[in-house]
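Take a look at the structure set out below.
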Amino acid sequence: MDSGGADWRALAHAEQLLDLRRDVEAEQRFRDVLTGDPGSGRALLGLARALNRQDRHAEAEQVVRSALALDPEDAGAHHVLVDVLCDRKDGTGAVTAAESGLRLAPHDFTSHYQYARALLSLRRPRTRDAYEAARRAVEAAPHSPDAHNLVGLCLDALGNHEGAQAAFRNAMALDPQHTLAQNNLAASEMDRGRLGRAAGLLRGAVGSDPQQKQVRDNLDTVLLLLGRRVMWSLFAAAVVLGILLVTGAPWWSRALAGAAYVAVVVVLVRGVVRDLPRGVGSWGRGLFRRAQWQGKYLLALLALLSVAVVVMAFAPYAVAAGAGIVLAGVLRTVGVICVVGWLVMALVNLVRGR
């Protein structure tokens, strides 16, 4: 594909920058090479990868297709196109590109790996076929942590969570710093409610690659799941304090219950937070802005319950009783909204299913 005039030293430097995830600098270096040799397929594919990592997927696709126009039989170009189209949520196009790569390089583990990825990216993933392709990738390259990680993703989607965790651990045994395997194992632990273990794995993943979007998203998920646990405990505390208020219990009994609750929550939260990456406090402060509407809803309810429980526990009787009444009214309204929202979403999903 290359016309022969490319600066190989500049190309090697650009690819090194790409390996270091210095994508903006790598982009510029690849562009410099292309200025001198517009027909350098290697530079075009490197540029496409650099653009894709910057979430400039449309530009990346255009560059890859330029490379394919120069050499339609380059399997590596089809492999890069799969990456781009998966990120563009074009599962059908990704499968077509992966099939071309598989036809051109049937013995290359990357061809099977990319085919599995493409099958998983479909609107209705062909998970069983993806698993078979991922297994072939492992057979072709048993020492590839990426291949084992992909097998884990397929097994997880098939409901074999034990097998998925084993595959993720295989990937980490081959590469202890494998960010995606750490991330995916953390996600599996989260699904089982093991937030402490998930936090520890994410700590390692952040240390390996702090810019990995999936890791940052899962870090947010750990914080939101922790918030949900605290919210349910707050709800239980509010019920207990409400009973104490209705029965006319003395102030000291409410204060004692409130203090005991605070102590339990501190132990619960510290057990998870201590395993999270450093700087999680500053990261958490931006959580409300980053969260989807469900997360915002959870955080708002968490704040409301926190204030109400503190007032119900430590305020004088009249103020505490008023807070309890207000909280009950708000929760009743929230419950109605949740039921209506659930019915609307069920109806939308039913219509889409047709």
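The values are calculated or read from the model by the stated rules, or taken from the named source; none is laboratory data. Fair warning: this is a prediction, and the values are worked out from it, not measured in the lab. Cβ: placed from backbone, ideal geometry, glycine included. Neighbour counts: every protein chain shown. With ligands, DNA and RNA removed, areas are computed over all heavy atoms of the protein, side chains included. Shrake-Rupley method; radii C 1.70, N 1.55, O 1.52, S 1.80 Å.
Some observations on this one:
- Inclusion of Ser144 among residues that are open to solvent by 20 Å² or more (accessible area, probe 1.4 Å) and under 28 Å from Ala50 (Cα atoms) is not warranted.
- Comparison of Leu104, Leu174 shows that the only residue that is in contact with a His (Cβ under 8 Å, 6 or more places away or on another chain), open to solvent by 70 Å² or more (accessible area, probe 1.4 Å) and of a type in the set (A, V, I, L, M) is Leu174.
- Only listed residue being buried (at least 17 other Cβ atoms within 10 Å of the Cβ) and farther than 25 Å from Ala69 by Cβ, chosen from Ala118, Ala97, Ala134: Ala134
- Answer residue from the stretch 82-93, given it is over 26 Å from His143 (Cβ atoms) and not polar (S, T, N, Q) and is most open to solvent (accessible area, probe 1.4 Å) among those: Lys89
- Meets criteria (open to solvent by less than 60 Å² (accessible area, probe 1.4 Å) and at negative phi) for Ala69: no
- The stretch 5-21, residues that are open to solvent by 50 Å² or more (accessible area, probe 1.4 Å) and within 20 Å of Val84 (Cβ to Cβ): Glu15, Asp19, Arg21
- Filter result for His148 (assigned to a loop (DSSP other than H, G, I, E, B) and in contact (Cβ under 8 Å) with a residue 12 or more places away in the chain): no
- The criterion of being in contact with a Phe, Trp or Tyr (Cβ under 8 Å, 6 or more places away or on another chain) and farther than 23 Å from Ala118 by Cα holds for Ala43.
- Restricting the stretch 18-33 to residues that are free of Cβ contacts under 8 Å to residues at least 24 places away in the same chain and not charged (D, E, K, R), the residue that is farthest from Leu44 (Cα to Cα): Leu20
- When residues in the stretch 152-163 are screened for being within 13 Å of Tyr113 (Cβ to Cβ) and open to solvent by 20 Å² or more (accessible area, probe 1.4 Å), 1 of them pass.
- Scanning the stretch 34-54 for residues that are of a type outside the set (Gly, Ala, Ser), touching an Asp or Glu at 6+ places or on another chain (Cβ under 9 Å) and either open to solvent by 30 Å² or more (accessible area, probe 1.4 Å) or modelled with pLDDT of 90 or more (or both) yields Arg42, Leu45, Leu47, Arg49, Leu51, Asn52, Arg53, Gln54.
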